[in-house]
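*Asks:* Pasting a structure here, questions to come.
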Amino acid sequence: MLSELWAIRVPESLGMFPPFYTDCGKNTHVGERVFINMGCTFQDQGGIFIGDDALIGHNATLCTLNHLPDPGQRAGMTARPIRIGNKVWLGANVTVLQGVTIGDNAIVAAGAVVTKDVPANAIVGGVPAKLIKMIDHDA
């Protein structure tokens with residue numbers, strides 16, 4: 001159904017629990033075996049790219065647009081893409097702001113606001129999100 005609505009190819013392996021909100025949809029690109037939980041909002045005019053096996057927690061918000069800081073031009077907008085790597089886990093109520101890249105295998109703790117890039121294999125949390133620790137693959 002999403003492939004038809006968005007007029008792009010959406011993998012059959014995509015899992016999603018409604019409700020789901022988006023302003024366009026056609027600018028959201030998802031990999032294989034992605035799961036999007038209920039209540040998520042994707043503002044995708046700047047482009048959202050989600051890698052394989054990513055998990056998006058409920059009520060996550062991905063914002064690719066922002067207003068200009070100059071009060072005289074405040075109604076103006078900028079658009080920058082969000083890139084989410086393979087096997088990324090975004091916890092519940094996470095907000096990811098425009099221009100952010102989240103590296104492969106990273107975890108974003110519930111309620112975090114991600115304002116800057118997150119390296120691969122990192123666990124981040126807080127407002128704004130900060131490094132908590134790196135994932136040890138040998139543990």
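The values are calculated or read from the model by the stated rules, or taken from the named source; none is laboratory data. What you see is a predicted model; the values in this text were computed from it and never measured. Here the Cβ is made from the backbone with ideal geometry for all residues, glycine too, and neighbour counts use every protein chain on show. Accessible surface areas use protein heavy atoms only, side chains included; no ligands, DNA or RNA. Shrake-Rupley method; radii C 1.70, N 1.55, O 1.52, S 1.80 Å.
*Asks:* Could you please find all residues in the range 81-92 being in a loop (DSSP other than H, G, I, E, B) and in contact with a strand residue (DSSP E or B) (Cβ under 8 Å, 6 or more places away or on another chain)? So that I can check it myself, show each step before the final result.
*Replies:* Taking the range 81-92 and keeping what is in a loop (DSSP other than H, G, I, E, B), we get 81, 85-88, 91-92.
Scanning the range 81-92 gives 81, 85, 88, 91.
*Asks:* Which numbered condition in (1) under 25 Å from residue 13 (Cβ atoms); (2) crowded, with 20+ Cβ neighbours inside 10 Å is the only one that residue 39 fails?
*Replies:* If we test residue 39 against (1) under 25 Å from residue 13 (Cβ atoms); (2) crowded, with 20+ Cβ neighbours inside 10 Å, just (2) comes out false.
*Asks:* Condition first: more than 18 Å from residue 36 (Cα to Cα), open to solvent by 40 Å² or more (accessible area, probe 1.4 Å), at pLDDT 95 or above and out of contact with any Leu (no Cβ under 6 Å at 6 or more places or on another chain). Can you find one or more residues in the range 84-97 that meet it? Give the steps one after another, and end with the answer.
*Replies:* In the first step, residues of the range 84-97 are kept if they are more than 18 Å from residue 36 (Cα to Cα); the result is none.
No; the residues of the range 84-97 include none that is more than 18 Å from residue 36 (Cα to Cα), open to solvent by 40 Å² or more (accessible area, probe 1.4 Å), at pLDDT 95 or above and out of contact with any Leu (no Cβ under 6 Å at 6 or more places or on another chain).
*Asks:* Restricting to the range 1-36, what's the tally of residues that are at pLDDT below 95, at positive phi and surrounded by 13 or more Cβ atoms within 10 Å (Cβ to Cβ)?
*Replies:* The total comes to 1.
*Asks:* In the range 23-32, what residues are assigned to a loop (DSSP other than H, G, I, E, B) and touching a Gly at 6+ places or on another chain (Cβ under 8 Å)?
*Replies:* Taking the range 23-32 first, the residues assigned to a loop (DSSP other than H, G, I, E, B) are 23-27, 31-32.
Once the filter is applied, which keeps residues that are assigned to a loop (DSSP other than H, G, I, E, B) and touching a Gly at 6+ places or on another chain (Cβ under 8 Å), the range 23-32 yields 27, 31.
*Asks:* With the condition kept exactly as written, say whether any residue in the range 109-121 is within 29 Å of residue 2 (Cβ to Cβ), hydroxyl-bearing (Ser, Thr, Tyr) and open to solvent by less than 50 Å² (accessible area, probe 1.4 Å).
*Replies:* As a first pass, look at the range 109-121 and keep what is within 29 Å of residue 2 (Cβ to Cβ): 109-115, 117-118, 120.
Now restrict to residues that are hydroxyl-bearing (Ser, Thr, Tyr): 115.
Remaining after also requiring open to solvent by less than 50 Å² (accessible area, probe 1.4 Å): none.
No - not one qualifying residue is present in the range 109-121.
*Asks:* Could you tell me how many of the residues in the range 41-74 are assigned to a strand (DSSP E or B), touching a residue at least 12 places away in the same chain (Cβ under 8 Å) and more than 10 Å from the chain's Cα centre (by Cα)? Show your work before the answer.
*Replies:* Here is the first cut: in the range 41-74, the residues assigned to a strand (DSSP E or B) are 41-43, 48-50, 55-56, 61-63, 65-67.
Within this subset, residues satisfying the condition of being touching a residue at least 12 places away in the same chain (Cβ under 8 Å) are 41-43, 48-50, 55-56, 61-63, 65-66.
Subset that is more than 10 Å from the chain's Cα centre (by Cα): 65-66.
Number of matching residues: 2.
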